[in-house]
Amino acid sequence: YEGVNTIKEMGRSIHEIPRQE
Amino acid sequence: DGCIQFTRHAGDVLLNFNRLRSRNILTDVTIQIDGQHFCAHKTVLVACSGLFYSIFTDPLKSNLSAISLDPEVDPDGFAILLDFMYTSTLTLKDSLVLVTMNTASYLQMEHVVDTCRRFIKSRE
């Protein structure tokens, strides 16, 4: 995908599983 | 047309896998070495180690939920490499780097072996 109108999102991409419930 | 590339996605996914491991969620195999037990996910082991790739892609062994490794394998070295698989960070303690390299060789993790070898050379 490099180069073809790629927008780089530096933030978190998915939820974070907690260390414990 | 274009796309959005989430640059930290791989790290976020791996961190979640490590959280699952630490909470024993969906872990599907126990690796036994010299009386020590390590719970893990077969998919992560297969993705990182040539040895586990050959074990778990063998139809006769893919359903095993416990694997005993050769007692020659050092549990401390294995623990360092298992953490590496789940964090991309390889702990290098002078006292354990040779053990780590030998264990990586046993697990068929050649890139780690090469890195350990270069590290040892740089310390000589």
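Laboratory data are not the source of any read-out in this text; all were calculated from the coordinates shown. The structure displayed is predicted, hence computed values, not measured ones. Note that we place each Cβ from the backbone using ideal geometry, even for glycine, and neighbour counts take in every protein chain shown.
A few comments on the model shown:
- Take every pair of alpha-carbon atoms less than 8 Å apart whose residues are at least six positions apart; their mean separation over the length of region B:1-112 yields a relative contact order of 24 percent.
- For region B:33-124, applying the loop criterion from DSSP together with a ceiling of 13 other beta carbons within 10 Å to the trypsin sites (Lys or Arg not before Pro) yields B:Lys61, B:Lys93.
- Average silhouette area of the protein assembly as shown, convex hull of alpha-carbon atoms, in square nanometres: 11.9 nm²
- Region B:73-123, dipole about Cα centre (Lys/Arg Cβ +1, Asp/Glu Cβ -1), debye to the nearest 20: 240 debye
- The protein assembly as shown - charge dipole about Cα centre, Lys and Arg +1 at Cβ, Asp and Glu -1, debye rounded to 20: 280 debye
- Debye, to nearest 20: dipole size of chain B, +1 on Lys, Arg Cβ, -1 on Asp, Glu Cβ: 300 debye
- For chain B, the share of alpha carbon pairs falling in successive 5 Å distance bins from zero is 2, 10, 19, 21, 19, 13, 8, 4, 2, 1, 0, 0 percent.
- Measuring r between the beta carbons of B:Asp70 and B:Cys39 and using R0 = 22 Å, the FRET efficiency lands at 0.70.
- Number of partner chain Cβ atoms within 10 Å, mean per residue of B:7-20: 3
- Dipole axis of region B:14-88 (+1 Lys, Arg; -1 Asp, Glu on Cβ), positive-most option in B:Gly50, B:Asn16, B:Pro71: B:Asn16
- Shape analysis of region B:65-120 based on the Cα gyration tensor places the equivalent ellipsoid semi-axes at 18, 12, 11 Å, largest first.
- Anchor B:Lys121: aspartates and glutamates whose Cα lies under 20 Å away (excluding residues fewer than 8 positions away in-chain): B:Asp94, B:Glu110
- Of all DSSP beta bridges in the protein assembly as shown, antiparallel share, percent nearest 5: 40 percent
- Per-pair calculated FRET efficiency, R0 = 35 Å: B:Arg19 and B:Glu124 via Cβ, rounded to 0.05: 0.35
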